[in-house]
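Bear in mind that the values in this text are calculations on the coordinates, not laboratory data. The model shown is predicted, which means the values in this text are computed figures rather than measured ones. Please note: Cβ atoms are built from the backbone with ideal geometry, for glycine as well, and neighbour counts cover all protein chains shown.
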């Protein structure tokens, strides 16, 4: 009647049901939490160069260089985002702007992964962009409205992967003239 195999199957099915209920409980207790933190983004230096473009029909394209400061205010930490259902944060700084050829351009300039238990203070000074700020044309020169925003993905133990934008941004103009590289 009740063999060892059928009893093991019942025990396995019951423990799987309990684990599924606990996982759902873990998700639902943090699903509606507000994960925004005030962020301060400041730009200290902007440079612009016109470089050769080998990817398409255009001959020259804009390449921007940005030096920036990032901090999470008021206590300069990301601690309010972390709870028992957060495994890590994927932070990234992105630039958004419009050009004649594209109504929306988005470029990721910098990123960082912050694990739970690590130092989660965000206070960066004179940080250079990690990735190239490359435009497919000449849309950066004299562009007066380039917006930098810090956003993050919350990687949970269980549940959805929310995308959160920090409640702070900065808009900056790019120069009208190109920098010339120094010859050696």
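Worth pointing out:
- Checking region 81-92 against the condition returns a match, with at least one residue being touching a helix residue (DSSP H, G or I) at 6+ places or on another chain (Cβ under 7 Å) and surrounded by 16 or more Cβ atoms within 10 Å (Cβ to Cβ).
- Filtered residues of region 29-53 (kept if surrounded by 12 or more Cβ atoms within 10 Å (Cβ to Cβ) and over 30 Å from residue 143 (Cα atoms)): 29, 30, 31, 33, 35
- Subset of region 1-44 [farther than 30 Å from residue 121 by Cβ and not in a helix (DSSP H, G or I)]: 1, 2, 3
- When residue 161 is tested against (1) touching a helix residue (DSSP H, G or I) at 6+ places or on another chain (Cβ under 8 Å); (2) exposed (fewer than 15 other Cβ atoms within 10 Å of the Cβ), just one condition goes unmet, and that condition is (1).
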